[in-house]
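Notes for the one structure printed next.
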Amino acid sequence: MNGAVAYWVDAAQEQHRWAADTRRKLRVCRRTGQASLRKKLRNDLLKYRIKRTLLMVQARRVRDEVARADAQHLAELARLPAGIVPGLTIGGRLVFTTGV
């Protein structure tokens, strides 16, 4: 895993840790009956889940872009047509650029 992908994965793991802590607090609130705090914690938990999902999507995008750039670089080094090198096709069509 390269540095760019590791950054996004680490950010998602941090969100996961915060969500786990929030879940623990939520369990305590259920026992003590603090309704207003419970509502706030549920909203926080939802925000953490959404943020973690978005961060993992970004990590996948970066990983795919890095793989495409590496495959294109290998194709250029070998002077092969792009369709021959794995990783340069998406759904049967050739990918010549690495932009998003």
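Bear in mind these aren't lab numbers, they're just calculated from the coordinates by the rules spelled out. The structure presented is a predicted model; accordingly, all values stated were derived computationally and were not measured.
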Query raised in the report: Under a 5 Å amide H to amide H cut-off, with H placed in plane at 1.01 Å, what residues pair with Gln34 once short-range neighbours are removed?
Result: none
Report summary line: Along the stretch 47-55, Karplus-curve 3J(HN,Hα) (6.51, -1.76, 1.60; θ = phi - 60°) to the nearest Hz, with x for Gly and Pro, reads 4, 5, 5, 5, 4, 4, 4, 5, 5
